[in-house]
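This report concerns only the one structure given below.
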Amino acid sequence: MATWLKKGATIQSRADADRKVRDIVEQALKDIEKRGDTAIREMSNTFDKWDRDDYRLSDDEIARCVDSLTAQERKDIEFAQAQVRNFAKIQRESMKDVEVETLPGVVLGHKHIPLNSAGCYVPGGKYPLLASAHMSVITAKVAGVPRVLTCAPPFDGKPADKIVAAQAMAGADEIFALGGIQAIGAMAIGTETISPVDILVGPGNAFVAEAKRQLFGRVGIDLFAGPTETMVIADETVDGEICATDLLGQAEHGPESPAILITNSEKLARDTMREVERLLEILPTADYARPAWENFGEVVVCDSYEEMCAVADEYANEHVQVMTEEPDYFLENMTNYGALFLGPRTNVSYGDKVIGTNHTLPTKKAARYTGGLWVGKFLKTCTYQRVMTDKATTLIGEYCSRLCAMEGFAGHGEQANIRLRRYGGRNIPYAGQADPSPQTAA
């Protein structure tokens, strides 16, 4: 039976916090809807201490940001973007348009059609997360989206140079220095100076995630990607230091980021907890990582791989680092996760920054029903039908007519019946008539 050596915040306390966020976001979005650019400017002033006439960056400003990179920084960004682009292309190539004759004279198909516009949010309040530019902009462009707009908050009182450079190098068409609710609202609702988009993508804090949730339906969203979650599944093939490092390496995202250890070794569990405390004394980002660990960290000791897998699936965590003797057991048996990182030689940071898979992943149990951001999120799979012969429309029409009658849909049935009269020679009365009219009876 699974035993919790450490538990995080209660469900009720999390729900209370979510409620407060929900109310703040709702009022902010109403204000943007009502007052447009004026509301955006006031929020930017309030939350980011950032004011300017136009939040869209000019070509000269973007060029200065790109030019500010050192040669090594440019090479590193180019390498990371090449990996993301390559894997996105592989994903796109796996999605084939289909056309098939399912019955003689009946052709069905589907096409993958890119969205017309996408809004990509790149977090940057605490850290300039330029990697999120690769993950969203490149993926949208590989999908074929013609207009990609990006928003990232200012950093240290000015546009975040490295984020802006990464957005530009990834192929963004419009780059704005806006953060938080005001960025999400501007992209989805639109203002006097910002045209709205069709889909919102990208991770963010609780306010960004809630804004996306409330706007879903008005625009599409990729998924609910709130505060980062990480899980380490480990046995005694590894030690407490590497487990603690991987837990805190993600907890530093922010004080609300859960970090969970699941193991079948109480010794490893307690060693990891000690190592966490040791590392928190020296980790430069402990101001964020410590409250995340203290308030949301959890440690679970299980009896078997099977139980470890069941507990992990119940959490449905965003990042799952597997360091066990048989990591493929979890690849084959786990069903609820954003992304798996298999074996001690890989880690979540590789996925976050450079390896090529997308780091925008589901949180708050959304992994039960969706995977992460990928090229398919920017494509609509749209079907079409073609009936080419009289015989084919007669065959389908007869079935359709009878099925519509079962449901009482007279108008639907008449769509089939008129074709049975014209192409099938059937003597079928019009809806509501006892006999067919003379001019159309066969």
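The values are calculated or read from the model by the stated rules, or taken from the named source; none is laboratory data. Because the structure is a prediction, the values reported are computed rather than measured. Backbone-built Cβ (ideal geometry, glycine too); neighbour counts: all protein chains shown. SASA here: full protein model, heavy atoms, side chains in, ligands and nucleic acids out. Shrake-Rupley method; radii C 1.70, N 1.55, O 1.52, S 1.80 Å.
The charge dipole of the range 1-120, taken about its Cα centre with unit charges on the Cβ atoms of Lys, Arg (+1), Asp and Glu (-1) only, comes to about 680 debye.
Restricting to the chain, compute how many DSSP beta bridges are antiparallel as a %, nearest 5. Of those bridges, close to 40 percent are antiparallel.
To the nearest 20 Debye, how big is the dipole of the chain about its Cα centre, given +1 on the beta carbon of each Lys and Arg and -1 on that of each Asp and Glu?
In debye, rounded to 20, the chain gives about 1800.
Net charge in the neighbourhood of ALA143 (other residues with Cβ under 9 Å of its Cβ; Lys, Arg +1, Asp, Glu -1) is +3. Neighbours of VAL197, meaning other residues whose beta-carbon lies under 15 angstrom from its beta-carbon, give a summed charge of +3 when Lys and Arg score +1 and Asp and Glu score -1.
For the options PHE155, PHE224, PHE47, a Gaussian network treatment of the chain with springs between C-alpha atoms closer than 10 Å singles out PHE47 as fluctuating the most. Look at the alpha carbon pairs under 8 Å that are at least 6 residues apart: their mean separation over the length of the chain gives a relative contact order of 18 percent. Relative to the longest principal axis of the Cα atoms of the chain, the long axis of helix 11-35 lies at roughly 60 degrees.
The angle separating the long axis of helix 180-189 from the principal Cα axis of greatest extent in the chain is about 10 degrees.
Taking amide H as placed 1.01 Å from N in the peptide plane, LEU261 has its amide H under 5 Å from the amide H of VAL232, GLU298, VAL299, VAL300, each at least 5 places away in sequence or on another chain.
Taking the chain as a Gaussian network of alpha-carbon nodes connected by springs under 10 Å, the highest mean-square fluctuation of the residues VAL142, VAL311, VAL320 belongs to VAL311.
Hey, got the dipole for the range 377-416? About the Cα centre, +1 on K and R Cβ, -1 on D and E Cβ, debye to the nearest 20?
On the way: 5 positive and 4 negative charges, 73 e Å.
With only Lys, Arg, Asp and Glu charged at Cβ, the dipole is about 340 debye.
For the chain, the longest principal axis of the Cα atoms and the long axis of helix 37-48 meet at an angle of about 30 degrees. Accessible area per residue for the chain is 48 Å², calculated with a 1.4 Å probe on protein heavy atoms, without ligands, DNA or RNA.
Subtracting the Cα-Cα distance of ARG218 and THR46 from their residue separation scaled by 0.36 nm leaves 59.3 nm. What a 1.4 Å probe finds exposed on the chain is 52% carbon and sulfur by accessible area, rounded to a whole percent. Where in the range 289-310 does the label zone of THR3 land, with the point 7 angstrom along Cα→C-beta and an amide N cut-off under 13 Å? Residues 300-304 fall inside that zone.
Annotation: amide H of ILE175 within the under-5 Å range of LEU57, THR150, sequence separation 5 or more or interchain, hydrogens built in the peptide plane. Local charge for LEU223 was computed over the other residues whose Cβ lies under 11 Å away, with Lys and Arg +1 and Asp and Glu -1, and equals +2.
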